[in-house]
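The values are calculated or read from the model by the stated rules, or taken from the named source; none is laboratory data. Values in this document were obtained by computation on a predicted structure and should not be read as measured data. Methodologically, a virtual Cβ is constructed for each residue, glycine included, from the backbone with ideal geometry; neighbour enumeration extends over all protein chains shown. Note: areas computed on protein heavy atoms with side chains; ligands, DNA, RNA excluded. Shrake-Rupley method; radii C 1.70, N 1.55, O 1.52, S 1.80 Å.
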Amino acid sequence: MVPLFLLLGLPFSLAGHDYGQALSKSILFFEAQRSGYLPHTQRVTWRANSGLQDGKASGVDLVGGYYDAGDNVKFGLPMAFTITMMSWSILEYGKQMASSGELSHAMDAVKWGTDYLIKAHPEPYVLYGEVGDGNTDHYCWQRPEDMTTDRHAYKIDPSNPGSDLAGETAAAMAAASLVFRHSNPAYANELLSHAHQLFDFADKYRGKYDSSISVAQKYYQSISGYNDELLWAAAWLYQASDNQYYLNYLGKNGDVLGGTGWSMSEFSWDVKYAGVQTLVAKFLMQGKAGGYASVFEKYQEKAESFMCNCLGKGSKNVQKTPGGLIFRQRWNNMQFVTSASFLTAVYSDYLSSAGKNMNCASGNVSPTELISFSKQQVDYLLGDNPRATSYMVGYGNNYPQQVHHRASSIVSIKVNPSFVSCRGGYATWFSKKASDPNLLVGAVVGGPDAYDNFADQRDNYEQTEPATYNNAPLFGLLARLSGGHGGYNQLLPAVAPAPKPVVTQPKPTPQPKVTPAPAASSGPIAIEQKLTTSWIANGKNYYRYSTIVTNKSAKTLTDLKLSISKLYGPMWGLTRRICLKLHLGLRNKLRYTKKVHTVYGKVHRVSGVVIIDSTNTYIAPISTPLEVGSWKLELQGTGFVACVNQYHCTQQDGIKNCECDGGVIGCKSILYKAICCKENYLLSHQNLSRASGFKGRLLGRDMIDLQPFDDCIQWESIASFFCDLVEPSSKIIRMD
């Protein structure tokens, strides 16, 4: 038997693991998943900016956040769960992270996510839950920097609720507020305010988010419903606010929402019951149950049932591979491994701090046995398995080389900036039987099957695709294994409780109105900005601001460029929500003491800027035609159209319409009518027909530079441009 034992044991790694190195790598992975404008501190240097137009067509800034896995979609539910688990990891094991020098990186990872969640929650009862959709995204294999897929933004609101999405996002905001409570209290308060509003939204307008955002059903269907997220959010809000209302909510709703009834063998982005039960068991051990002790004991019973099932000592034990890994499903099984192992580690420390053991069907279990189970699962992941394979990319000597991940599998745009097309990426990169050109350090892939088998192939997405929610609970667990318990009392509150418990139900706080900060008045230009009036229409608050630009230099300015940015939300006189950014090139010489006075809020003409909304309900007045070289140019609908070469005109209702001969600018070969008028007049908005548009920039006399599209889209933002009325041949700048 001894030779047989040695033969079977050979593939396993016998050396101890460097949990500190694995911790560093597991956090670094999140920088590879970033969307938006990457910061100067970015350490994954083969990535670049991406998704810079996200939300724009819906009038909201949704730039930023994380891509969930190997694709380029931003799915709100798993992203929020990722942030909740990263925050929980820091709250439990932040001291260990600090000792290893990784706490700041971990907090940066959380803030990258919460900054996005704040943007995604522009109103108390509105939450954007997805940008892009899996169907169009999966049709293409492109770097995030190249993606041409649909970036539609999907939201939930009272008419289209999503209690699971809003509840999980509330939990993420509440948990993250604890992370920043000491280092950035103002930011923590902002997060907590959003969390209160989102919980109210989730509880008041109940429904499954994937019924409202149906494109998510194929990828992140909420099978468990929303009851678990309501309890999960309440638990985190109680921890973050010490508000008795949320503790009462857990006590009163434990039975009806399933917290005391469901005995689980899974903890994931979809099913939160085991997490809720673990937190409520903590409250019970902290002596905070009050009059709900009997209810909280039921929560604890179910929490310990989960732990026992993981250990193989319960009544519904989890399946394990021959090598000892928890096995739940073939597709991305490792997500269940890391989340379950985190819970058993945390509960082990709770029990140790309380000086208790727990009882399973097969006998008494000590805290040491729980943490040993967590360690065994992590060791398997890092290479102690029948294949001697590390399922964390970049850790160890034998790890996946062909990860199912668009960005890592395609040469970096910084190395080769040539555009990678939608389908061309499949032909050139996806099918390439070679190691990834970019090492996705720290990524935890889906892992082996039920028999410890694993195929390192890019098209094997079930096993080789990573995900953010695989890593989020893992880096807390790695910090625990790296730094040890350290004698910390895990039952102590993460932050000091409020002096007097609050018992009243929180009232959703209206989103603070954003008053643009006055621009710096340095140099020869003074800029004065102020709120002039406000009003309410159809239940919405509107604000008017005025800006005065003064030339103080005693010289004539021949070139002045102003920027108005971040005007989000409803705009008076327009029916669609917009995100407006104007770059005004002013060449009508601004002389000494002369002031340019502009008003924005109710859209006015701003020194030659014309603004038209997509339903033609408002057009800013302008008395002079807009001339480009020898051509007269008008706006039609929401896109720019112009004759590039020859044209012929026909008379129609007193309006001279032009159809360009072979020169119409539009999506692919679709023809758009251009209005090319020689007379000095501008069409009224009643005569403007709507154009389902394209995006382009006016570059000079008669050139329009179109941004490339694989498909035509409806461009819903406002079209506007500045035309120099003094020098007809000067450059025209497009703004959107």
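Inter-label distance, Arg387 to Asn416: 2.8 nm, where each label sits 7 Å from its Cα along the C-beta direction.
For region 231-279 and region 285-332, what is the centre-to-centre distance using only Cα atoms, to the nearest Å? Here the answer is 14 Å between Cα centres. One compactness figure for region 31-114 is 1.17, namely its Cα radius of gyration divided by 2.2 N^0.38 Å. To the nearest 0.05, what FRET efficiency results for Asn317 and Thr428 with a Förster distance of 41 Å applied to their C-beta separation? According to the calculation, E is roughly 0.30. Counted over region 262-416 with a bin width of 10 Å, the fraction of Cα pairs per bin, in whole percents, is 11, 35, 29, 15, 8, 3, 0. For Gln217 and Ser435, the difference between the fully extended length at 0.36 nm per residue and the C-alpha to C-alpha distance is 75.3 nm.
Round to the nearest 0.05 the FRET efficiency obtained for Ala361 and Lys555 when R0 = 56 Å and r is the Cβ-Cβ distance. Write down the numbers at each step before the final one.
Values: r = 87 Å, r/R0 = 1.55.
FRET efficiency, Ala361 to Lys555: 0.05.
Here is the size of region 88-137 from its Cα atoms: Rg then Dmax, 15.5, 44 Å.
With a/c under 1.5 counting as rounded, go ahead and sort region 154-295 into rounded, prolate or oblate using the C-alpha gyration tensor (a ≥ b ≥ c being the square roots of the eigenvalues; past the cut-off, prolate if a/b is larger than b/c, else oblate).
Numbers: a/c = 1.80, a/b = 1.18, b/c = 1.53.
Oblate is the answer for region 154-295, as a/c is 1.5 or above yet b/c matches or exceeds a/b.
Given the pairs Lys155/Lys298; Lys119/Lys252; Lys56/Lys414; Lys208/Lys252; Lys119/Lys375, which span a C-alpha to C-alpha distance of over 30 angstrom in this model? Provide the component values of the computation, followed by the final result.
Working: Lys155/Lys298 36 Å; Lys119/Lys252 33 Å; Lys56/Lys414 26 Å; Lys208/Lys252 22 Å; Lys119/Lys375 38 Å.
Beyond 30 Å between Cα atoms: Lys155/Lys298; Lys119/Lys252; Lys119/Lys375.
In a simple Cβ point-charge model (Lys, Arg +1; Asp, Glu -1; nothing else charged), region 250-346 has a dipole of about 120 debye relative to its Cα centre.
Calculated FRET efficiency, Asp18 and Ala455, Cβ-Cβ r, R0 30 Å, to nearest 0.05? Step by step, r from the Cβ atoms, then E = 0.65. Considering only alpha-carbon pairs that sit under 8 angstrom and 6 or more positions apart, the relative contact order computed for region 119-184 is 33 percent.
Can you classify region 394-488 as rounded, prolate or oblate using the Cα gyration tensor, where a ≥ b ≥ c are the square roots of its eigenvalues, rounded means a/c under 1.5, and otherwise it's prolate if a/b beats b/c and oblate if not? Please report the intermediate quantities before stating the final value.
Details: a/c = 2.79, a/b = 1.80, b/c = 1.55.
Because a/c hits 1.5 or more and a/b exceeds b/c, region 394-488 counts as prolate.
Between Ser104 and Ser294, the modelled label-to-label distance comes to 5.3 nm, taking each label 7 Å out from Cα in the direction of the beta carbon. Centroid-to-centroid, using Cα positions, region 429-465 and region 63-112 are 22 Å apart.
Packing, taken as the mean count of other beta carbons within 10 Å per residue, orders the peptides 148-154, 453-459, 85-91 from highest to lowest as 85-91, 148-154, 453-459.
Quick check for me: using +1 on Lys/Arg Cβ and -1 on Asp/Glu Cβ, what's the dipole size of region 301-399 about its Cα centre, in debye to the nearest 20? Don't skip to the end; give the middle numbers.
Details: 9 positive and 6 negative charges, 64 e Å.
The dipole of region 301-399 has a size of about 300 debye.
Close amide-amide hydrogen proximity is noted between Cys360 and Val365, each under 5 Å apart and 5 or more residues distant or on a separate chain (H modeled in the peptide plane; Pro and chain starts excluded).
For region 136-237, what class follows from the C-alpha gyration tensor (a ≥ b ≥ c being the square roots of its eigenvalues): rounded when a/c is under 1.5, otherwise prolate if a/b is larger than b/c, else oblate? The shape class here is oblate. Evaluated with a Cβ-only charge set (Lys, Arg +1; Asp, Glu -1), region 183-243 carries a dipole of roughly 260 debye about its Cα centre, given to the nearest 20.
At the residue level, Cys308 shows approximately 10 square angstrom of accessible surface with a 1.4 angstrom probe and all protein chains present. The gain in end-to-end length when the Asn398 to Thr41 segment is fully stretched comes to 125.6 nm, 0.36 nm per residue minus the alpha carbon separation. Toward the positive end of the charge dipole of region 381-441, with +1 on the Cβ of Lys and Arg and -1 on the Cβ of Asp and Glu, the farthest Cα among Tyr391, Ile413, Val403 is that of Ile413.
In terms of the mean number of neighbouring beta-carbon atoms within 10 Å, the peptides 466-473, 212-219 order highest first as 466-473, 212-219.
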